[in-house]
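Student: Dropping a structure here in structure tokens format, bear with me for questions.
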2 protein chains.
Amino acid sequence: MPLTDSMFLLAESREHPMHVGGLQLFVPPEGSGPDYVHELLNVFRATDNIAPNFRKRPADPVGSLGNVWWTYDDTIDFDYHIRHSAIPKPGRIRELLQLTSRLHGSLLDRHRPLWEAHVVEGLEDGRIAVYTKIHHALIDGVSALRLMQKALSEDPAARDCLPPWSIQPGKPRESGADGGFNPMGALRAGLGVAGDIAGLAPASFKIVNQIFRDGDITLPRAPKTILNGPVGGARRFAAQSWEISRIQRVARSSGTTLNDVVLAMVSGALRNYLLEHHALPDEPMTAMVPVSLALRDESAGKEGGGNATGVMVVSLATNRDNGGTRLEEIAYSSRQAKKMLSGLSPRQILALSALQVAPMAMTPMPGFVKHTHPPFNVIVSNIPGPRKPTYFNGAKLDGLYPVSIVTDGQAVNFTLASRDKYLDVGIIGCRTNVPHLQRLLTHLETALAELEQSWG
Amino acid sequence: MPLTDSMFLLAESREHPMHVGGLQLFVPPEGSGPDYVHELLNVFRATDNIAPNFRKRPADPVGSLGNVWWTYDDTIDFDYHIRHSAIPKPGRIRELLQLTSRLHGSLLDRHRPLWEAHVVEGLEDGRIAVYTKIHHALIDGVSALRLMQKALSEDPAARDCLPPWSIQPGKPRESGADGGFNPMGALRAGLGVAGDIAGLAPASFKIVNQIFRDGDITLPRAPKTILNGPVGGARRFAAQSWEISRIQRVARSSGTTLNDVVLAMVSGALRNYLLEHHALPDEPMTAMVPVSLALRDESAGKEGGGNATGVMVVSLATNRDNGGTRLEEIAYSSRQAKKMLSGLSPRQILALSALQVAPMAMTPMPGFVKHTHPPFNVIVSNIPGPRKPTYFNGAKLDGLYPVSIVTDGQAVNFTLASRDKYLDVGIIGCRTNVPHLQRLLTHLETALAELEQSWG
């Protein structure tokens, strides 16, 4: 088992589940009856061709660092892994999010392959939800989302779609294997590399030292907020979709990027949320944003650098009370960070990224989170999803909300997926330290509306 | 925090949740509408007078032996603790048991008071289910059941029932505090005392030595079976009710006790189950049965000995293929064990009980369960419930199934509760090592029917 895999197993405790999830919504095909959910379950369970990643489990479920390795189960207890669930009446999105929060807060059984899929009925509008969770040691969030997309078809008439667990990988390891954009991989790589930082070759330190000498780069240090303390085991999940065209209009009119506007929405939401809790810090908060090394290679006109992913820390300018000013400062901060990255080699970016997320590897140390400044205040990941309408055997995908991970020091996480004409936003948080998390949805809309007044 | 409390917290891991549960079924009062489940939830949540046990949590959720102590929360997040859930269509008991299995397999959040109650809708017959789980460090199964009974009324017209968490205890500690029969306390006491056995005063060893010299008692040693290996984290729960009159008829006709007939049912069920798996041991299997010390004091004509509880190990005679023979041997073994206990003082019984369950305290040792004989093959507890029909604000209690604990070496557990004219049987097992656990229900009925042919 690679060290990065075992790190995610070893870092896990009852308070810190290390699985990534996804909440998908489907509109049943026209003409389908009340038995549709069972038909879907039958398709999900009717396969004896399970991909290796979905048959994989730790050989010694209770083992320690010395003896962590993978084994593969030949048979799968489908009734265990693929579950039929329901939400109570009235069957609103609210009830669905409550169930998702509970399901995401419980640990996967290490005696079995590390995944579960829950087919959920009971939504008042007749849609079917599918909540999937997979251990981060098996796959990162982006690869998981890409795998789910592979299960879908752009043809509503197609009836030969296979569930994600039946899709055989082209390469032995899904994680970023096709060299595409892989932002969540940054956190993964970061956590893994940071944990191993003591073992870095002296050459790597030289690289980093050189970066610091050459530019005006400092290690990130964000203000302390209520969102950056230790976390409990219970989760709260909120999700909502926005039309991408709204965000694009603001980006074009303001001369910023779609990502800048998204960060400005997050900034406005966090600012209003913390104001409500009388807990807004005086200093500007910062966000850690995973970036692809491919992007950097493109801008520098060099050949593709493969699947490595870096991170950048961007100011959220939460100390400014005007939304337009916040967007301008975010766009500036983001441009500076990209400019700096574009002057580095992929190897330098990796080393720097590792250093920036390094403090996260220290969070298991007692008191570390309580007594030190966080390296950044929040992680905001944007995952590219399908650009056209997609279907699973005729059922239209109507929501694709990533359900990410919170850790000590990072009690809330925004992960977004684009889907067709929508941006699907998933916010996961610690239930204790992020009370009324769903208010962030309202504040995201308020922040976008404020920007639209200037640039809509 | 008393050592026995912290033992249950420390012994817990993701594979070995240490909470006890109960699955109750209620028939809504006549004339109640579709909103009944919300009315019930409102009653459950509408209290600001929470009993101390339900506000209690470990002060340091991730602490080790040195720093385990309790703290009390002033406010309770009711939406977290009291949950509204649903089962999917067709809403049979099967779907309810599947949900119960999943809920019982996940750990309680140690950052909060250690309990959850799930109000479940969706049963096709309109009944409402309430699944409750409470950490064993807070309360034992018997006390939990008694507390639930206190919430009920024999008067169907009563509308002033309070939920269990609002019932203020008469004494600071529920566990056996009123001196009643407390069989599950034996396991609790046993586990706790056994863990501390190295610290027993020399006097205790003298007592035990004396018992062994005086009688023909040997430490229990049961055959190895597939039910006595290490357990995984996933659970399977099965439940069914039997008319007590059927069991009583067999007991009277055969000159045995109700408990003997219940053990004979378990014996027949285990025998048939293991035969189906080609895994029946040649030697007779044994059951550990918690017994009350009060019983012993009565038979000896002495004054009441309080709340201490002992255990006895009884042969299940699974090597006999005739049900009648099995019942006779079980009754004989049970009489011998009681006779022996009746000659001992409560203090001697406690010391002996601790010694008998002592091997269970060794199960966390790597390889212990794999390489040694189990002290007994199964735990069978019988908990006295209400003898008359009972109601919660007019909703009739229609099922009272205990959901107990499995541990390494004890992969299946039978816990029974009497209710009105019924015996409600709850069987909890490790999902991996007790495949098709629900078959045990069929075998229990077969075993009772066989006994009825001779003595019905």
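The values are calculated or read from the model by the stated rules, or taken from the named source; none is laboratory data. The shown structure was predicted, so the numbers you read here are calculated from the model rather than taken from an experiment. Positions of Cβ are backbone-derived with ideal geometry, glycine not excepted, and every protein chain shown enters the neighbour counts. Calculation scope for accessible area: heavy atoms of the full protein, side chains included, ligands and nucleic acids excluded. Shrake-Rupley method; radii C 1.70, N 1.55, O 1.52, S 1.80 Å.
Student: Taking segment A:114-127 on its own, how many of its residues are open to solvent by 20 Å² or more (accessible area, probe 1.4 Å) and more than 8 Å from chain B (Cβ to nearest Cβ)?
Tutor: 4
Student: Examine segment A:423-435 for a residue that is at pLDDT 90 or above, within 17 Å of residue A:265 (Cβ to Cβ), aliphatic (A, V, I, L, M) and part of a helix (DSSP H, G or I), and state whether such a residue exists.
Tutor: No, the conditions are met nowhere in segment A:423-435.
Student: Tally time: how many residues in segment A:165-189 are modelled with pLDDT of 50 or more and crowded, with 23+ Cβ neighbours inside 10 Å?
Tutor: Residues flagged as modelled with pLDDT of 50 or more and crowded, with 23+ Cβ neighbours inside 10 Å within segment A:165-189 amount to 1.
Student: Checking residue A:69 against (1) away from every other protein chain (no Cβ under 14 Å); (2) open to solvent by less than 20 Å² (accessible area, probe 1.4 Å); (3) within 30 Å of residue A:407 (Cβ to Cβ); (4) not β-branched (Val, Ile, Thr), only one condition comes out false. Which one?
Tutor: It is condition (2) that residue A:69 fails.
Student: Moving to a separate point now. Would you point out the residue of segment B:74-101, among those that are open to solvent by 20 Å² or more (accessible area, probe 1.4 Å) and aliphatic (A, V, I, L, M), that is nearest to the other protein chains (Cβ to nearest Cβ)?
Tutor: B:99
Student: Condition first: surrounded by fewer than 19 Cβ atoms within 10 Å (Cβ to Cβ), within 13 Å of another protein chain (Cβ to nearest Cβ) and not in a strand (DSSP E or B). Can you find one or more residues in segment A:102-113 that meet it?
Tutor: no
Student: Filtering segment A:14-47 down to residues that are in a loop (DSSP other than H, G, I, E, B) and open to solvent by 70 Å² or more (accessible area, probe 1.4 Å), which residue is farthest from residue A:241 (Cα to Cα)?
Tutor: Across segment A:14-47, the extreme among qualifying residues is A:46.
Student: Out of segment B:220-231, which residues are surrounded by 22 or more Cβ atoms within 10 Å (Cβ to Cβ) and within 14 Å of another protein chain (Cβ to nearest Cβ)?
Tutor: Selection gives B:230, B:231.
Student: Going by what's in this entry, would residue A:50 be described as buried (at least 18 other Cβ atoms within 10 Å of the Cβ), more than 13 Å from every other protein chain (Cβ to nearest Cβ), hydrophobic (A, V, I, L, M, F, W, C) and in a loop (DSSP other than H, G, I, E, B)?
Tutor: When the stated conditions are applied, residue A:50 passes them.
Student: Quick test for you: out of B:140, B:109, B:160, pick the one residue that is touching a helix residue (DSSP H, G or I) at 6+ places or on another chain (Cβ under 8 Å) and modelled with pLDDT of 80 or more.
Tutor: Just one listed residue meets the conditions, B:109.
Student: Among the listed residues B:263, B:275, B:280, which satisfies the condition of being closer than 23 Å to residue B:441 by Cβ, open to solvent by 10 Å² or more (accessible area, probe 1.4 Å), assigned to a helix (DSSP H, G or I) and at pLDDT 95 or above?
Tutor: Only one candidate qualifies: B:275.
Student: Also: With the structure loaded, tell me whether residue A:56 is over 17 Å from residue A:131 (Cβ atoms), more than 14 Å from every other protein chain (Cβ to nearest Cβ) and surrounded by 17 or more Cβ atoms within 10 Å (Cβ to Cβ) or whether it fails that test.
Tutor: yes
Student: On to the next question. Does residue B:364 satisfy the condition of being at pLDDT below 90 and buried (at least 24 other Cβ atoms within 10 Å of the Cβ)?
Tutor: Spelling it out, it is not the case that residue B:364 is at pLDDT below 90 and buried (at least 24 other Cβ atoms within 10 Å of the Cβ).
Student: Within segment A:423-456, can you find the residues that are in contact with a Ser or Thr (Cβ under 6 Å, 6 or more places away or on another chain) and either surrounded by 22 or more Cβ atoms within 10 Å (Cβ to Cβ) or of a type in the set (Lys, Arg) (or both)?
Tutor: A:424, A:426, A:428
Student: Being assigned to a strand (DSSP E or B) and either closer than 21 Å to residue B:286 by Cα or assigned by TED's automatic domain parsing to the domain that holds residue B:223 (or both) is the filter here; which residues of segment B:375-400 pass it?
Tutor: Scanning segment B:375-400 gives B:378, B:379, B:380, B:381, B:382, B:383.
Student: For the structure I just gave you, tell me whether residue B:325 is assigned to a loop (DSSP other than H, G, I, E, B), at negative phi, of a type outside the set (Gly, Ala, Ser) and modelled with pLDDT of 95 or more.
Tutor: So residue B:325 fails the test.
Student: If I filter segment B:383-397 for residues that are open to solvent by 10 Å² or more (accessible area, probe 1.4 Å), at pLDDT below 95 and under 30 Å from residue A:78 (Cα atoms), do I get at least one hit?
Tutor: no
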